[in-house]
Amino acid sequence: MNKVLLVAQRELLENVKTKGFWIGILVFPLMFALFIVVPTFLERAKSARQFAVIDESGWLLQEIERRVITADLTVALQVAAQHHEAATDLDDLPSVLQELAPAIARVDMVERSRVAAAVVAPSNEQGVAPSSWSPAAADILAKREALLTWWRDLEPAQAPSQISKSQYVRRDVETAGPDAQQHLNRLIGAGELFAYFVIGPDPVNGNAGFKYVSRNLTDDELRDWFSDMASEAIRTKRLAQEEIDPGVARWIQEPARFEVRKVSEAGEETEVGMRDMLRQWSPVAFVYLLWISVFSISQMLLTNTVEEKSNRTIEVLLSSVSPLQLMSGKIAGIAATGLTVVGSWILFFVAGTKIVPLFLDAPPTVDLSVLATDPVLLGSFIAYFLLGFLLYAAILVGIGSVVNTIKEAQNLTMPVTLLLFVPLLAMIPIGRDPNGLLAKVLSYVPPFTPFVMMNRAAAPPTLVEYVVTTVLLVVSIAVAMWAAAKVFRIGILLTGKPPKPSEILRWIRAPVGVVPNRD
């Protein structure tokens, strides 16, 4: 055992003492963070789309403008409430929202939308705040002019990324009459205008005369956004024309919504929060990480074995230890290396959940770090990492012992690599139905057990399934280790042409101490 530990220590130190090892550890979380942060920064860096509108109806553009301001103010009120509830610094909010943040936080989301609509409504339509509104809503309405002034004076570059004014800016049409479209076409050709819309004379009765003109037809966000706003305004006009009360129309179209609840282990009904929804799909992220960990660390063992065999280091080591001690030590050392990598990634993830929201300028409404520190998920991940690594390490160390080059190893490991892709392909179906037939069947297949059982952690399998699948996996590891040891003791000193699969099977069946003749 002392010799096994010495070999394991050598394998661990040879990896962790190199700069490349720690750079490799940093690369994965850094790339993951960049994939989240960089697209957000690039989206913010994109200049606001300049567009114009030719309104032949005489009313639709005005209605769309009111809806745009209403939507922007609703989002602004929501952002202010989130900052206040998260107890974050309010200095990055405009002064009017800083002042109103406590009142906004006391108003629910439905009433915020109503308040925003009342703020935008013309003075002759606003009237006195209804008695059904809360005192907090009345406080917000008292700042109506300040809110409108803030929105009108807001520059796109300074606008919060959540509101439309940071993405789309309407320019007035300077040329009237039949030459207006030719003038706008020239502006688009010169790159001074992104697109323009033409609204037909009678939007209520049809889309005749409607037009969208742009040189960039792949970026359809502006068109979709404006079309949605126009559709809502036209729908409201049609309801009024048919003398249908808008409230009645909304009531008729109101979908049935079921409040989601869950049942605890004690059989009690409890509410479902954002953390519960995240935890439902968090095992999928753990499966990705588990797959990458097992695959990369196992490949490290394979590469290390082939490299030491090709440069004759193995022969020196075997002068002091037995083949079984050498194989066991290499597996233990690489396993410790893998735990170092995985532990570092978990620490980076926890730190990232605290730091990344600061770069995104988003209040941390949900603390994602609780998912990484969840004892069930974290314990399952570490346990299945070790079990999965031991199984695939036994297979790959056996393959590494019989080949002389990485190229030969790649040919033999192709079936193992394809096998590893099965749990990835089944990941989403299993995540949707963690206790379904597919999930249960694959749980009892040892090469898939670590990934599938990790995937099912959100809707925990029964204790019997945990016990039976773990026993099967442990037995499979023992068999794989036994077979790998018999192959390793012969193949590690073998040179020349790699053995055929039939020859490897003879090595496994041969008694210990007997070396079968080669074909």
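Observations
- The condition of being in a helix (DSSP H, G or I), at pLDDT below 90 and surrounded by 12 or more Cβ atoms within 10 Å (Cβ to Cβ) holds for only one of Leu239, Leu222, that being Leu239.
- Residues in segment 149-191 that are assigned to a loop (DSSP other than H, G, I, E, B) and not polar (S, T, N, Q): Leu154, Glu155, Ala159, Pro160, Ile163, Asp172, Val173, Glu174, Ala176, Ala190, Gly191.
- Selected residue (criterion: nearest to Gln167 (Cα to Cα)) from residues of segment 192-219 that are assigned to a strand (DSSP E or B) and not β-branched (Val, Ile, Thr): Ala195
- Selection within segment 318-348 - over 23 Å from Leu30 (Cβ atoms) and surrounded by fewer than 19 Cβ atoms within 10 Å (Cβ to Cβ): Leu318, Ser319, Ser320, Val321, Ser322, Leu324, Ala336
- Taking segment 447-460 as the range and being in a helix (DSSP H, G or I) and of a type in the set (Phe, Trp, Tyr) as the test, only Phe451 passes.
- Within segment 494-519, the set of residues being among the polar types (S, T, N, Q), at pLDDT 70 or above and over 16 Å from Val403 (Cβ atoms) comprises just one member, Ser502.
- The number of residues in segment 47-70 that are within 27 Å of the chain's Cα centre (by Cα) and open to solvent by 30 Å² or more (accessible area, probe 1.4 Å) comes to 1.
- Ile297 surrounded by 15 or more Cβ atoms within 10 Å (Cβ to Cβ), at pLDDT 75 or above, under 29 Å from the mean Cα position of the chain (by Cα) and assigned to a helix (DSSP H, G or I): yes
- Residue check for Asp361: at positive phi, modelled with pLDDT under 80 and not aliphatic (A, V, I, L, M): yes
- Being in contact with a Gly (Cβ under 8 Å, 6 or more places away or on another chain) and modelled with pLDDT of 80 or more is a description that does not apply to Phe421.
- Reported count of residues in segment 144-186, each being more than 40 Å from the chain's Cα centre (by Cα) and not charged (D, E, K, R), is 11.
- The set of residues in segment 418-446 that are free of Cβ contacts under 8 Å to residues at least 24 places away in the same chain, of a type outside the set (A, V, I, L, M, F, W, C) and farther than 14 Å from Pro283 by Cα contains only Gly436.
- Failed condition for Ala180, given (1) open to solvent by 60 Å² or more (accessible area, probe 1.4 Å); (2) touching a strand residue (DSSP E or B) at 6+ places or on another chain (Cβ under 6 Å): (1)
- Flag set for Gly398, criterion: touching a Phe, Trp or Tyr at 6+ places or on another chain (Cβ under 9 Å) and at pLDDT 80 or above.
So that you can scan it fast, the table gives a plain yes or no per residue for (1) in contact with a His (Cβ under 8 Å, 6 or more places away or on another chain); (2) more than 23 Å from Leu317 (Cβ to Cβ); (3) open to solvent by less than 40 Å² (accessible area, probe 1.4 Å); (4) among the hydroxyl-bearing types (Ser, Thr, Tyr):
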| residue | (1), (2), (3), (4) |
| --- | --- |
| Ile430 | no, yes, yes, no |
| Tyr444 | no, yes, no, yes |
| Pro450 | no, yes, yes, no |
| Phe488 | no, no, yes, no |
| Thr495 | no, no, no, yes |
| Pro499 | no, no, yes, no |
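- Helices (runs of 4 or more DSSP H) completely within segment 389-446 that count 2 or more residues being over 31 Å from the mean Cα position of the chain (by Cα): 406-425
The values are calculated or read from the model by the stated rules, or taken from the named source; none is laboratory data. Just so it is clear, the model here is predicted, and its values are computed rather than measured. Because the Cβ atoms are built from the backbone with ideal geometry, glycine has one as well, and the counts that use them run over all protein chains shown. With ligands, DNA and RNA removed, areas are computed over all heavy atoms of the protein, side chains included. Shrake-Rupley method; radii C 1.70, N 1.55, O 1.52, S 1.80 Å.
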